[in-house]
Structure formats: structure tokens, C-alpha cells
Amino acid sequence: MFTQLIDPLDNLTLTCLVALVPVVSLLVMLAVFRLPAWLATLIGSIITFALALWVWRMPLDDGGHAYLYGAATGVWNVDWITIWGMVLFNTLGVSGVFENFRRWLIALGGMDVRVQTMLFAWAFGALLEGLVGFGYPWAVVAPILISLGISDLNAIRIAAIANNAPVSYGALGAPIIALAAVTGYPLLALSGSVGTVVAVLALAPPWVLLYLVSGKEGMKGGWPLAVVGSLGYIAGQYPVARYLGPYLPDVTGAIVCFVALLALLRVWQPKTVLGYGGVPVSAATATQTRGHGLKLGEVLQAWLPFAVLLIVVAAWTGPWSPLPKVSWFKATAVACSSLATSCPTKGNVTAVFNFAPYIGGSAILASWIIVAVLLLAMGRLKGAQLGEVFRRTFHQMWGACLVGVFIFGLAYTFNYSGMAASLAKGFSSMGTAFVIVAPILGFIGVALSGSNTSTNAMFGKFQALVGVQLGMPTLLLPTLNSVGAEIGKPVAPQTASVGVSTSKFVRKEGDVIRHNMGWTFILLAYLILLAIGFYLVAPAVMSLK
């Protein structure tokens, strides 16, 4: 069995700096040189693999297997979801159903960009994240915001910032499930600890969203939207996360948020209707957009695809379903962790590809088939239009699919070779100050993998080991790893590849990532303050009872 080297350069500081080369090079290629994400991740994976062989002495055959298992995981666990999610979205677009849905929601909030941002980016984005994840909310929400007069680049940023809080429970709790699997900690306990941090984190993004679309004056006139939007999401998310588990917090949070916002709009409306940038909208224009002109049947048709998606995905992948547990093939590369005290029984690092045929992507495929059949039967979709759906999807998604291959191969190699463990050892020498760094590592992990699930799989175990070595509350560091990955999603290349697929920034993800960085770092600083607060003030919340 390959045993990882903790300090192959005999200088831990230098070793850690070298271990950061893949991360830094990837971000430089995207944000500075503006390379397409698929090309940047390909080059980054080559750099990572070369360093793993040369510096960390990773065996070529085992390391090659680890890379291939990662690449296969990227195809099956991520690309399979995003492809069918985009096919579903394009089907709604080609059939005109999505346009009806957009008109209906706009009519609910009029032309006020603040109301529409809270309904679409915050509430609806959380619902899509909870069901699908992996950049799908960006791809759906950004075109709606663009139709409201927001520029493509700013619309994508708003969708990305709104998508922060729900990410840990995306795709029906996949990131938390992965975190529990690698740490061995109870699933419900981790769900509750992450939910506690997310509940506090979710207080901030609605205010940021109001500022981004309407400025300071718009925030002053629309503050009830931020209060009700954040508290509505938390009221649906927190109890479910803490007491039921990680599968449905985003879904329930989004639904309660929708209800709360619509109830607010029945008793309160902004005094001045504002467009993007805080520019007042004329009374005549605002009045003209109040009616959507749709019949009840057309409104029901507009909601039907989302109802089908919710029912099928929840029934298919929820804890009550045996389908996700079915496995037809599993391949594993095993190494002895350099951080472990005992190998091979408790110190293994594994790179696994598990071909489970009935995963979330298959559920979305089934949802699309049902939706397509229903739309064909109702005359909303014609058979000839299906060709356009697949042509459009291929044009949008080929780059994102390649990113899924290369970024997961990179992440698996980073973890299997011992590079991640070397970073953990170096950072643990900081003592309790590591609580500041833990969310940053989660942030780095999602920048590498594009996936909160993958980040928890990469870094969750060593965060847990560091926590034990430092005597910190058991759940604290793994929790911060997951929530830190939430914050990093707006600058994750894989997510950006999917998120830009419905805009004019296809294969220009570097522009989007650079545009997102400023507010992403502000929210990361906010999370670090929360981390310190939980460690000093409420450590019991992060302890196993």
C-alpha cells in the first residue's frame, strides 16, 4: 500500500507552498489569463499530477487509477446531473413554458427589481439548489434577471451570491452525506451543526442582493424584503436540518420563503418602484406589468415541470428510497494517510468510483421524460423541437462537461497523493488559530473541485483529524469546511461553467469568476467571524452529545 509523505521536501512550510501551486495556478489561469475553464482545469490537473509524482512520490499506476476514478466520478456524479438539468431547462424555454412562468412571477412583484431579485435569485434559486445544485440555479436564474434589465455579468453575480447559503444542502443533501461518510460522524449531528452556521450566514446575503441591484437608497426602501426573505428561508431550513436531516432543508426553506415573501407583498409594497441600479420606474410602466395575461391553465402548466421535478427527485433520492443505494460497480485506490496514527485499518485514504445507476442525474432524466411527455400531450411541445433542445444543450454544456472530468481528476489526485494531508499538517501547527483557516480550506477545496460534495470528500477527514489533535469541538472544523465551500462557489470553475451556459459568457468563465471575487471575499470574512464566535461563545453547539 502506498504511504503518503507528510513532508517530502523536509521543510513543512515549503511543502505547503508547493501543495498550494495547483490552487494558485488554477485561479491565475481563470482570473488573470482568462482561459476557458475546461482548458485551465486540464492544465491544472497536469500540474497536480506531475507534482504528486515528483514531490510526493505517488506511484504512477495507483495515482493514475485515482485520477481516472475522479474523472469518472465527475462524469457520472456531476455531468450526468447538469446535462439533464439543462435539457429540462431548454425544453421549458423552447416550449414557451418558462416564459409563462417568468411572466407570472414578474406580475406578482411588479417591475421592482428588489422584489424580483428576492423571489427569483434568493427563494427560487434555493429551491433549484436543493433539488439539483451544481450551478443549475445560476443557469436558470440569470436569464430571468437579465430580462429585468440587469447586465449579463451582474445577473450571474447576483445569482451566484444568492446561491451561497443553500449550497451545503444542495442536490438533496449530497455534501453533508459525503462529509458524514468520510468523517464517520453521525449524519444528523453534522446536518444540525452545518444548519446552525448556515442559519446565521443566511442573514447577510439578502442585504447584499438588495445593495447590488438598487444601491444604498434601494436598501433603505426595501429592507422588509431582506428581513422576511432571510428569516423565511431560515424558518424552513433550520428545523429540518437540525431534526430531520440534510435531504430537504433547501426545499422547505425555499417554499417557506416564497410563502413569507408573497404574504409580505399582500400587506406591504415598496413606496417607489425601482429598476436596476435604483432607477425609479414610471408609474405607467409599473402598472402595465401588473397583469400577466395568463389563464389559470397556463399558470398551472408553468408550475407543472417544477412540481414534477420536486416530486420525482424527492421520491427518487430521499432517505426513504433504495434506488441511490444500488451499485453496479465500484473501483478503489487505497493509500495510507500520512496524518493517521494507525494504518491500514483506520488510516486509509481512498479514491473511489462507484457506478450507482439510479443517482440524482437519473432522477432528473426521469423528470425530464415525464415533463416532455406531458408537454407533448398538451400541445406545448412538438417532436421536432426536441432536436433543437439537444443541439442547444450540447453547445452550452460541452465545456462544462470537460471541466467535470478534469477538475475531479485533479481533486482526487490532490487528496490521494498526500498533498491535502501536507496542507493539513502545516496548518494544524497554527494551534487554535486554525479555526480561522478551516473555512478558507473549504473555500480552496471548492475552487479546486467546483463541488461542495467533492470538497467535503477531499478535506473533511483531515479537518476532523486536525480538530481532534487540537482538542476542538468535534463537529466544528468539518462544519466550517462545508460552509466555507459554500462561500467559494461563486469562484468555482465547474459551477461557473454551468452557470454561464445560458448567457453570452459561455466559455468565458474567467470574466465571471473575477467579477464575483470581491463580494465572495467579504462573505468569507463574515464566515470567519462566525467561526470565531461559535468556537469562543457556543462550542457546545458543535460538539457530539
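The values are calculated or read from the model by the stated rules, or taken from the named source; none is laboratory data. Quantities reported herein were computed from a predicted structural model and do not represent experimental measurements. Here the Cβ positions follow ideal geometry from the backbone for every residue, glycine too, while neighbour counts run over all protein chains shown.
Would you tally the residues in region 130-142 being under 15 Å from Ile156 (Cβ atoms) and part of a helix (DSSP H, G or I)?
7
Please tell me if Gly445 is free of Cβ contacts under 8 Å to residues at least 12 places away in the same chain, buried (at least 24 other Cβ atoms within 10 Å of the Cβ) and part of a helix (DSSP H, G or I).
In short, no.
When you check Val483 against the structure, is it free of Cβ contacts under 8 Å to residues at least 24 places away in the same chain and either in a helix (DSSP H, G or I) or over 26 Å from Gly130 (Cβ atoms) (or both), yes or no?
no
Going by what's in this entry, would Arg114 be described as assigned to a helix (DSSP H, G or I) and touching a strand residue (DSSP E or B) at 6+ places or on another chain (Cβ under 9 Å)?
yes
Check Gly232, Gly173, Gly215 and return the single one that is over 18 Å from the mean Cα position of the chain (by Cα) and at positive phi.
The conditions single out Gly215.
How many residues does region 357-366 hold that are modelled with pLDDT under 90 and within 16 Å of Leu304 (Cα to Cα)?
1
Here is a list: Leu53, Leu26, Leu20. Which entry is more than 12 Å from Phe414 (Cα to Cα) and aliphatic (A, V, I, L, M)?
Leu26
Can you name the number of the only condition in (1) more than 29 Å from Trp80 (Cβ to Cβ); (2) at pLDDT below 80 that Leu448 fails?
(1)
Do you know which of the residues in region 413-430 that are assigned to a helix (DSSP H, G or I) and at pLDDT 85 or above is farthest from Gly44 (Cα to Cα)?
Looking at residues that are assigned to a helix (DSSP H, G or I) and at pLDDT 85 or above, I get Ser422.
Only one of these is part of a helix (DSSP H, G or I), small (Gly, Ala, Ser) and modelled with pLDDT of 80 or more: Ala260, Ala335, Ala284, Ala331. Name it.
Unique residue meeting the criteria: Ala260.
In this structure, does Ala400 turn out to be closer than 22 Å to Ile176 by Cα, in contact with a helix residue (DSSP H, G or I) (Cβ under 7 Å, 6 or more places away or on another chain), crowded, with 23+ Cβ neighbours inside 10 Å and in contact (Cβ under 8 Å) with a residue 12 or more places away in the chain?
no
Among the numbered conditions (1) aromatic (Phe, Trp, Tyr); (2) over 13 Å from Phe49 (Cβ atoms); (3) surrounded by 24 or more Cβ atoms within 10 Å (Cβ to Cβ), tell me where Phe394 comes up short.
(3)
Exactly one of (1) at pLDDT below 80; (2) crowded, with 24+ Cβ neighbours inside 10 Å; (3) more than 20 Å from the chain's Cα centre (by Cα) is unmet by Thr455. Its number?
Tallying (1) at pLDDT below 80; (2) crowded, with 24+ Cβ neighbours inside 10 Å; (3) more than 20 Å from the chain's Cα centre (by Cα), Thr455 fails exactly one: (3).
Have a look at Tyr276, Tyr233, Tyr243 and point out the one that is modelled with pLDDT under 90 and in contact with a helix residue (DSSP H, G or I) (Cβ under 6 Å, 6 or more places away or on another chain).
None of the other options fit; the residue is Tyr276.
Just one of Thr73, Thr91 is within 30 Å of Tyr416 (Cα to Cα) and surrounded by 21 or more Cβ atoms within 10 Å (Cβ to Cβ); which is it?
Checking each option against the conditions leaves just Thr73.
With the checklist (1) over 30 Å from Pro322 (Cβ atoms); (2) at pLDDT 85 or above; (3) of a type outside the set (S, T, N, Q); (4) part of a helix (DSSP H, G or I) in hand, flag the one item Gly379 doesn't pass.
Single failed check for Gly379: (4).
So Thr3 fits all but one of (1) buried (at least 24 other Cβ atoms within 10 Å of the Cβ); (2) touching a Cys at 6+ places or on another chain (Cβ under 6 Å); what number is the exception?
(1)
Mind telling me which of the residues Ala204, Ala107, Ala142, Ala178 ends up being among the hydrophobic types (A, V, I, L, M, F, W, C), in contact (Cβ under 8 Å) with a residue 12 or more places away in the chain and buried (at least 24 other Cβ atoms within 10 Å of the Cβ)?
It is Ala142.
How many residues does region 220-230 hold that are buried (at least 17 other Cβ atoms within 10 Å of the Cβ) and either among the hydrophobic types (A, V, I, L, M, F, W, C) or touching a strand residue (DSSP E or B) at 6+ places or on another chain (Cβ under 9 Å) (or both)?
5
How many residues are in a helix (DSSP H, G or I) and in contact (Cβ under 8 Å) with a residue 60 or more places away in the chain when one looks only at region 34-48?
Of the residues in region 34-48, 8 are in a helix (DSSP H, G or I) and in contact (Cβ under 8 Å) with a residue 60 or more places away in the chain.
Would you mind stating whether Asp112 is under 24 Å from Lys271 (Cα atoms) and among the acidic types (Asp, Glu)?
Considered against the rule, which asks whether it is under 24 Å from Lys271 (Cα atoms) and among the acidic types (Asp, Glu), Asp112 comes out as yes.
Can you tell me which condition Glu217 does not meet? The list is (1) buried (at least 22 other Cβ atoms within 10 Å of the Cβ); (2) in contact (Cβ under 8 Å) with a residue 60 or more places away in the chain, and all the others hold.
The one condition Glu217 does not meet is (1).
What is the residue count in region 6-33 for residues that are surrounded by fewer than 16 Cβ atoms within 10 Å (Cβ to Cβ), of a type in the set (Val, Ile, Thr) and not in a helix (DSSP H, G or I)?
1
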